[in-house]
Amino acid sequence: MGNFHIWCPMNSILKRINEDGERWLLLIFYTTIVATIAVEVVRRFGLSYSSVWGEEIARYAFIYLAWIGASAAVKRRAHIRIDILLHYVSPKWKAGLYLFGDFVTLLLALIIIFYSVGSVLVSIKFGSVTDGLRISQAWFLAAVPLGFFMLSLRLIQSILRDIHDLRHGNPVYTGDKLIDE
């Protein structure tokens, strides 16, 4: 019967989220920060008035930006690392070192998810709200477990990619460099 493929809009949507999900979220949060700060600067210096909520929106958007950015960096293997040793080892050792690093980071991420979900649940239980916006603090505390959940998914993808490359004799994906040599 051969290969047969049924087009499904859900597959297309999931593929787009996998490729560009973090980029769109980063754009949204970065735009929120810039727009909020710009409005607050105009209000403070042009109208001699500022709000409490503007500073909170920018701060919490920055927190989400940081954790989503960490996930995007793991996806592209663009996070900061010291890789001098990797220049002197065989391709198999390089893959092994990347796999070891990803497994250790995944373990750490799962521990952080476990403990950070607890703080979100405590916030929900006691109904804590933010000072300026007066909305549930849980929305902003959720940035940590959400970010590390996304990071965990990207680490699993990275681990599977490295295992595939190792099995097929392909060079391991070294990622994007922050600074060219």
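The single condition from (1) assigned to a helix (DSSP H, G or I); (2) open to solvent by 80 Å² or more (accessible area, probe 1.4 Å); (3) not β-branched (V, I, T) that S152 fails is (2).
When each of V122, V144, V129 is tested for being closer than 29 Å to E56 by Cα, open to solvent by 30 Å² or more (accessible area, probe 1.4 Å) and touching a residue at least 40 places away in the same chain (Cβ under 8 Å), the lone residue that passes is V144.
I'd like to know if the stretch 78-94 contains one or more residues that are of a type in the set (G, A, S) and in contact with a Lys or Arg (Cβ under 7 Å, 6 or more places away or on another chain). No, the stretch 78-94 contains no residue that is of a type in the set (G, A, S) and in contact with a Lys or Arg (Cβ under 7 Å, 6 or more places away or on another chain). Screening L106 with (1) open to solvent by 70 Å² or more (accessible area, probe 1.4 Å); (2) modelled with pLDDT of 95 or more gives one miss only, at (1).
When the stretch 32-54 is filtered for residues that are open to solvent by 70 Å² or more (accessible area, probe 1.4 Å) and closer than 30 Å to S152 by Cα, only V34 remains. Among residues of the stretch 4-33 that are over 19 Å from S71 (Cα atoms) and modelled with pLDDT of 80 or more, none has a beta-carbon under 6 Å from a residue that is open to solvent by 80 Å² or more (accessible area, probe 1.4 Å) and among the small types (G, A, S) at least six positions away or on a different chain. Only a single criterion out of (1) among the polar types (S, T, N, Q); (2) closer than 24 Å to N18 by Cα; (3) within 19 Å of the chain's Cα centre (by Cα) is not satisfied by N170, namely (3).
Scanning the stretch 87-99 for residues that are among the charged types (D, E, K, R) and surrounded by fewer than 16 Cβ atoms within 10 Å (Cβ to Cβ) turns up just one, K92. Selection of the stretch 55-86 for residues being open to solvent by 70 Å² or more (accessible area, probe 1.4 Å), over 30 Å from D162 (Cα atoms) and touching a residue at least 40 places away in the same chain (Cβ under 8 Å) yields only E55.
Of the residues in the stretch 76-86, at least one is on the phi > 0 side of the Ramachandran plot and either in contact with a Phe, Trp or Tyr (Cβ under 9 Å, 6 or more places away or on another chain) or modelled with pLDDT of 95 or more (or both). Of the residues making up the stretch 19-61, not one is closer than 20 Å to I135 by Cα, of a type in the set (A, V, I, L, M, F, W, C) and outside any helix (DSSP H, G or I).
Of all the residues in the stretch 62-86, those that are of a type in the set (G, A, S) and in a loop (DSSP other than H, G, I, E, B) number 1.
Among the numbered conditions (1) within 30 Å of I82 (Cα to Cα); (2) open to solvent by less than 80 Å² (accessible area, probe 1.4 Å); (3) of a type in the set (F, W, Y), the only one that F114 does not meet is (2).
The values are calculated or read from the model by the stated rules, or taken from the named source; none is laboratory data. Computed from a predicted structure; not experimentally measured. So basically every Cβ, Gly included, is an ideal-geometry build from the backbone, and we count neighbours across all protein chains shown. SASA here: full protein model, heavy atoms, side chains in, ligands and nucleic acids out. Shrake-Rupley method; radii C 1.70, N 1.55, O 1.52, S 1.80 Å.
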